[in-house]
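A.B. asks: Would you mind keeping the following structure in view while I ask a few things?
Where a number appears in this text, it was derived from the coordinates with a stated rule and is not lab data. A quick note: this is a predicted structure, and the numbers were derived from the prediction, not measured. As a convention, Cβ positions derive from the backbone with ideal geometry for all residues, glycine included, and neighbour counts pool all protein chains shown.
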Amino acid sequence: MRNWKTVSVIGMGYIGLPTCAILASRGISVVGVDTNQHVVDCVTRGVVHFVEPDLDGLIQKVVSSGMLSATKFAQQADAFIVAVPTPLTEDLEPDVSYVMAATEQLAPLLKTGDLIVLESTSPIGTTRQMSKRLAGLRPDLKFPDGTSEDTDVFVAYSPERVLPGRVLTELVQNDRCVGGLSKQSSQMAAELYATFVEGDLMITSAETAELVKLTENAFRDVNIAFANELSAICRKHSLNVWETIELANRHPRVSILQPGPGVGGHCIAVDPHFIVHSAPDEAKLIAAARSINSARPGEVVKEVQDAAATIADPVIACLGLAFKPNIDDLRESPAMEIVEQLADSGCGRIIACEPHLNSTPSDLTARGVEMMDALGAIDLADIVVLLVDHRQFSMINPAALGEKKVIDTRGLWTRSTAQLHALV
Ligand code: SAJ
């Protein structure tokens with residue numbers, strides 16, 4: 001079992017920073033690297049620059065103990081974990097420029113015996129591309145290319161699958177796959193993760209590990225698209241989609257997810273495009289699911305506009321702006337897209353409510369959208385649009401909705417009416 005003395009994590013974001021904290025809590029000296037000076041300054045002060053339960057306490061502990069330090073520039077280490085963004089370009093193509101920039105930053109620091117693990121969600125082949133780039137930058141060292149075990153440096157891919165809000169727990173408990181570009185690379189990477197992962201460590205190839213991550217999120221996107229298509233079918237037949245799914249899921253081997261106003265976040269809405277880009281002729285269902293889900297915000301906007309057209313000077317209350325319940329993250333949020341489109345269309349007075357925000361997002365201020373508490377917005381509204389099923393909204397008494405027009409995209413108030421038959 002290798003004794004890891006120092007690990008450097010490149011990218012202190014939603015995944016990189018918790019990974020820094022957990023590695024440092026296992027007695028490994030960790031250097032967190034980020035190009036954003038604000039992030040480096042926050043971590044140096046033991047402060048977390050985003051919301052993640054319990055992370056601030058752990059960061060304070062490992063920074064004050066000296067086990068975690070932060071810097072803008074990478075330093076030598078026994079192992080490097082690359083956890084930088086891999087966004088989509090305007091043309092919906094994978095952008096691995098941050099991965100390649102991190103690769104170039106690491107190259108001059110590498111020495112025999114070092115391990116590099118790419119964690120960023122990446123297109124198939126990115127890890128191999130990274131190793132080739134390193135070989136070009138450091139001809140004095142041998143990097144794995146899948147043809148030989150005789151290498152000086154080890155390179156692997158290991159994706160995370162943690163749920164925001166449960167990151168510290170899931171980083172430790174989740175099973176994890178590890179895909180090396182050589183058997184030794186897989187072994188080395190597995191030994192690194194064995195310092196904190198209590199789940200199973202599954203060894204595979206780098207390309208399989210890259211596709212596993214994309215597969216997990218593409219599967220979820222397809223399942224959500226199925227639910228959204230079912231909601232359209234139920235609207236056509238004036239049936240309750242929430243009841244239909246609840247009863248179908250009573251089948252022991254059926255597990256349909258929930259319809260909604262669209263799919264947000266920087267993962268589920270993004271990762272399927274990596275697969276489609278790699279196999280456009282084969283990834284038909286995955287591409288179709290993406291189209292179904294990305295069309296949902298426009299469908300909700302039209303439904304609201306049609307309702308507003310029947311009311312003089314309509315007031316429209318939009319409940320929820322975050323990309324999913326009980327968080328404050330607005331990234332790729334379909335709710336934000338819907339509120340912005342409604343405001344731009346001039347279909348009425350738009351009042352928004354987001355219990356997890358203390359201020360109005362600038363994009364909404366610019367459009368004259370007012371922010372208000374839920375009951376105040378509902379009281380003034382002719383139309384109530386439920387966009388995010390935050391816990392706070394489930395406490396609203398449906399009586400407050402009175403005779404208002406309700407467009408409930410999450411089924412908070414239009415749940416199943418199926419009755420459990422009391423077996424005599
Ligand atoms: N959504 C629905 N209906 C559902 C479930 C979700 O419309 O039944 C919507 C949500 O409202 C949200 C979007 O999909 O807008 C994404 O929600 P999510 O619950 O999938 O949350 P993420 O994106 O934070 O987490 C996912 C998780 N992936 C899987 O569950 C396969 C997480 O494990 C991943 O680590 C994460 O993506 C990621 O970072 O890849």
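A.B. asks: Quick one: putting +1 on the C-beta of Lys and Arg, -1 on the C-beta of Asp and Glu, what dipole do you get for the chain around its Cα centre, in Debye to the nearest 20?
C.D. replies: Details: 35 positive and 53 negative charges, 144 e Å.
The calculation lands at about 700 debye.
A.B. asks: To continue, here is another question. For q = 0.12, 0.26 Å⁻¹, what log10 I(q)/I(0) does the range 260-331 give under the Debye formula with an equal point scatterer on each alpha carbon and no solvent?
C.D. replies: Those come out to -0.47, -1.15, one per q.
A.B. asks: From the C-alpha coordinates alone, can you work out the Kirkwood hydrodynamic radius of the range 326-403, in Å? Show your work: numbers first, answer last.
C.D. replies: Details: mean 1/r = 0.0759 Å⁻¹.
Mean inverse Cα-Cα distance, inverted, gives 13.2 Å.
A.B. asks: Give me the orientation-averaged projected area of the Cα convex hull of the range 142-265, in nm², one decimal.
C.D. replies: Numbers: hull surface 41.0 nm².
Taking a quarter of the hull surface, the average projection is 10.3 nm².
A.B. asks: Here's another thing I want to ask about it. Compute the acute angle (0 to 90°) between the alpha-carbon long axis of helix 284-308 and the principal axis of greatest extent of the alpha-carbon atoms of the chain; round to the nearest 10°.
C.D. replies: The angle comes out at about 30 degrees.
A.B. asks: Something else about it: Which of the lysines could a cross-linker bridge to K236, judged by Cα under 20 Å and excluding same-chain residues fewer than eight apart?
C.D. replies: Within the straight-line limit of under 20 Å, K236 reaches these lysines: K302, K405.
A.B. asks: May I ask for the distance between the Cα centers of the range 106-177 and the range 216-234, given as a whole number of Å?
C.D. replies: So the two Cα centres are separated by 33 Å.
A.B. asks: Restricting everything to alpha-carbon atoms, can you work out Rg to Rh for the range 69-162 with a Kirkwood hydrodynamic radius? Could the numbers behind the result be given before it?
C.D. replies: Values: Rg = 13.4 Å, Rh = 13.9 Å.
So for the range 69-162, dividing Rg by the Kirkwood Rh gives 0.96.
A.B. asks: Checking the table K111/K142; K61/K213; K213/K324 against a 22 Å threshold on Cα-Cα, which pairs fail?
C.D. replies: Details: K111/K142 10 Å; K61/K213 31 Å; K213/K324 20 Å.
Where the Cα-Cα span goes over 22 Å, the pairs concerned are K61/K213.
A.B. asks: Ok, one more. Compute the long axis of helix 55-64 from its Cα atoms, compare it with the longest principal axis of the Cα atoms of the chain, and write down the angle in degrees, 0 to 90, nearest 10.
C.D. replies: 30 degrees
A.B. asks: Moving on to the next point. If you wrap a convex hull around the Cα atoms of the range 269-424, how much volume per residue is inside, in Å³?
C.D. replies: Details: hull volume 25.7 nm³, N = 156.
That works out to 165 Å³ per residue.
A.B. asks: In whole percent, what relative contact order does the chain give with Cα contacts below 8 Å and a gap of six or more residues? Write down the numbers at each step before the final one.
C.D. replies: Numbers: 835 pairs, mean separation 44.5, N = 424.
Relative contact order comes out at 10 percent.
A.B. asks: Among P325, P87, P398, which one shows the biggest mean-square fluctuation in a GNM of the chain, springs joining Cα atoms closer than 10 Å?
C.D. replies: Maximum among the listed residues: P398.
A.B. asks: Please determine, in degrees from 0 to 90 and to the nearest 10, the orientation of helix 183-193 with respect to the longest principal axis defined by the Cα atoms of the chain, where the helix direction is its Cα long axis.
C.D. replies: For helix 183-193, the angle is close to 60 degrees.
A.B. asks: Computed FRET efficiency, Cβ-Cβ of A232 and S97, R0 45 Å: what is it to the nearest 0.05? Write out the running numbers ahead of the final one.
C.D. replies: Numbers: r = 38 Å, r/R0 = 0.84.
Efficiency computed from Cβ-Cβ geometry: 0.75.
A.B. asks: Here's another thing I want to ask about it. With n ≥ 4 as the cut-off for DSSP H runs, can you work out [θ] at 222 nm for the chain, using -39500 (n - 2.57) per run divided by the number of residues, rounded to the nearest 500?
C.D. replies: Working: 15 runs with 167 residues, N = 424.
So the calculated ellipticity at 222 nm is -12000 deg cm²/dmol.
A.B. asks: Treating the beta-carbon of each Lys and Arg as +1 and of each Asp and Glu as -1, no other charges, what is the dipole magnitude of the range 175-263 about its Cα centre, to the nearest 20 debye? Before the final figure, lay out each step's value.
C.D. replies: Values: 8 positive and 11 negative charges, 68 e Å.
The dipole magnitude comes to about 320 debye.
A.B. asks: Pulled fully out, how much extra length does the chain show between K142 and H421, if you take 0.36 nm times their separation in residues and subtract their Cα-Cα distance?
C.D. replies: Values: separation 279, 0.36 × 279 = 100.44 nm, distance 6.88 nm.
Extra length from K142 to H421 when fully extended: 93.6 nm.
A.B. asks: Follow-up. Using +1 at the Cβ of each Lys and Arg and -1 at the Cβ of each Asp and Glu in the chain, identify which of G13, H277, L118 lies farthest towards the dipole's positive end.
C.D. replies: So the residue we want is L118.
A.B. asks: Taking the Kirkwood radius as the inverse of the mean 1/r across Cα pairs, report the Rg/Rh of the chain.
C.D. replies: On the way: Rg = 24.2 Å, Rh = 23.6 Å.
Radius of gyration relative to Kirkwood radius: 1.02.
A.B. asks: In addition: Can I get the semi-axes of the range 1-109's equivalent ellipsoid? Compute them from the C-alpha gyration tensor as square roots of 5 times the eigenvalues, in angstrom, largest first.
C.D. replies: Numbers: eigenvalues 107, 61, 28 Å².
Each semi-axis is the square root of five times an eigenvalue, giving 23, 17, 12 Å.
A.B. asks: Return the sequence-ordered ³J(HN,Hα) values of the range 18-29 in whole Hz as given by the Karplus equation 6.51 cos²θ - 1.76 cosθ + 1.60 applied to θ = phi - 60°, using x for Gly and Pro.
C.D. replies: x, 5, 3, 5, 5, 4, 5, 6, 9, x, 9, 6
A.B. asks: Separation between the T35 and D306 pseudo-spin-labels, each 7 Å from Cα along Cα→Cβ, expressed in nm?
C.D. replies: 4.5 nm
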